[in-house]
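The next block holds one structure in the form of structure tokens; read it before the comments.
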Amino acid sequence: MSCVPVRGCRIGEGRPKVILPIVERTEAAILEKAAAFSTLCADCVEWRVDLFDAAADPGAVVRCLAKLRVLLKEKLLLVTLRTKEEGGSIPVSHEGYLRFLRTVLDTDCADLIDIEFFTAGTDLPALVQDAHTAGVKVVCSSHDFHKTPPKAELVSRMVAMHQAGADLPKLAVMPQSRADVLELLAATAEMTDHHPETPVITMSMGPLGAVSRLCGEAFGSAMTFANPGTASAPGQVGLDVVNAVLDSLQLN
């Protein structure tokens, strides 16, 4: 599998990289959490801007982002505005979403930016190009909190993200059965085998899907989210457990 080099980290090479989510609401709490995360055994921190009390204020977002970048030191920073349609906390118009992405890209603070596949729509290729021009890698995401689509649809979605130029296609789906977890893992393996040039991030959510967050290296998922105390999605596993299992299951 090929890798995505970011700030000295090679995503897609070796064991999956671990992401910690910041879900606090005030700037003070966000920065306190970032300072704590900077010392933990994890590779990347995701700031969920939609949970920020001042998410609608671009100036406040930019100021907080600049402080985050300093506090996180060499850890990767993934910036995400999760829309309500994809499981986030606030409704965002299409134009408002595009403005947010461009505001973040202008700061030179993010290493990675989350761009929602369906929210971006036909603007996705241009947004990916804008991100690459700014030196930012793109996590192109799609979430389904109600079901797990068939394997062919999951693979097709990741291929479309790849074809639009995304560096890291990401899928998060909700299983209704054990077979659904296997469907997600099979789609991950197929995508990795047929498109090794593009690392992917996949997970089956909820308690039933938690195993998918731990066996990524075997099936091809290049990153996983860990719960450092407060989860940002159902089924996230504690950081200590994630690190112990990833070490135990390491293939090389």
- Query: Local charge sum around Met174 (other residues, Cβ-Cβ under 9 Å, Lys/Arg +1, Asp/Glu -1)?
  - Reply: -1
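Determine the alpha carbon to alpha carbon distance for each of Lys84/Lys137; Lys67/Lys147; Lys73/Lys151; Lys17/Lys147; Lys67/Lys151 and list only those over 32 Å.
On the way: Lys84/Lys137 23 Å; Lys67/Lys147 38 Å; Lys73/Lys151 39 Å; Lys17/Lys147 26 Å; Lys67/Lys151 41 Å.
Too far apart for the 32 Å limit: Lys67/Lys147; Lys73/Lys151; Lys67/Lys151.
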- Task: Go through segment 83-99 residue by residue and turn each phi into a ³J(HN,Hα) via Karplus (6.51, -1.76, 1.60, θ = phi - 60°); whole Hz please, and just put x for glycine and proline.
- Result: 6, 4, 5, 10, x, x, 9, 10, x, 9, 5, 4, 5, x, 5, 5, 4
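Just by accessible area at a 1.4 angstrom probe, what is the order of Thr148, Thr26 from largest to smallest? List each step's numbers first, then the result.
Working: Thr148 20, Thr26 65 Å².
Sorted by accessible area, descending: Thr26, Thr148.
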- Which distance in Å, rounded to a whole number, links the C-alpha centroids of segment 1-78 and segment 147-223? 23
- Task: Given the peptides 15-24, 32-41, arrange them by the average over their residues of other C-beta atoms within 10 Å, most packed first.
- Result: 15-24, 32-41
- Item | Which of Leu214, Asn227, Val181, positive extreme of dipole for segment 104-245 (C-beta unit charges) | Val181
- Message: Give me, ordered by chain and number, the residues 5 or more places off Gly235 or on other chains with an amide H under 5 Å from its own placed amide H.
- Response: Gly206
- Item | Accessible area of the chain divided out per residue, in Å², using a probe of 1.4 angstrom | 41
- Note on the structure: The set of residues whose placed amide H lies less than 5 Å from the amide H of Thr202, leaving out same-chain residues fewer than 5 positions away, is Leu171, Ala222, Met223
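At a 1.4 Å probe, what is the % contribution of carbon and sulfur to the accessible area of segment 9-240? Present the calculation step by step, with values, prior to reporting the outcome.
On the way: 5030 of 9040 Å².
Carbon plus sulfur share of accessible area: 56 percent.
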- Query: How large is ³J(HN,Hα) for each residue in segment 19-27, as worked out from phi by the Karplus curve 6.51 cos²θ - 1.76 cosθ + 1.60 (θ = phi - 60°), to whole Hz, x for Gly and Pro?
  - Reply: 10, 10, x, 9, 10, 6, 9, 9, 4
- Around Cys44, with a cut-off of 12 angstrom between Cβ atoms, what is the net charge of the other residues, counting Lys and Arg +1 and Asp and Glu -1? -1
- Task: Could you go through segment 105-121 in sequence order and give the Karplus-derived ³J(HN,Hα) for each residue, using 6.51 cos²θ - 1.76 cosθ + 1.60 with θ = phi - 60°, rounded to whole Hz, and x for Gly and Pro?
- Result: 5, 6, 7, 6, 10, 7, 8, 9, 10, 8, 10, 6, 4, 6, 5, 5, x
- With every protein chain kept in the model, how would you rank Val155, Val62 by accessible area, 1.4 Å probe, largest at the top? Val62, Val155
- Placed amide H near Leu77: partners under 5 Å, 5+ positions off or other chain: Val45, Asp111, Leu112
- So what's the convex hull volume per residue for the Cα atoms of the chain, in Å³? 109
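The values are calculated or read from the model by the stated rules, or taken from the named source; none is laboratory data. Remember, predicted model here, so these are calculated numbers, not experimental data. Virtual Cβ from ideal backbone geometry, glycine too; neighbours counted across all protein chains shown. Just the protein is used for accessible areas: all its heavy atoms, side chains included, with ligands, DNA and RNA removed. Shrake-Rupley method; radii C 1.70, N 1.55, O 1.52, S 1.80 Å.
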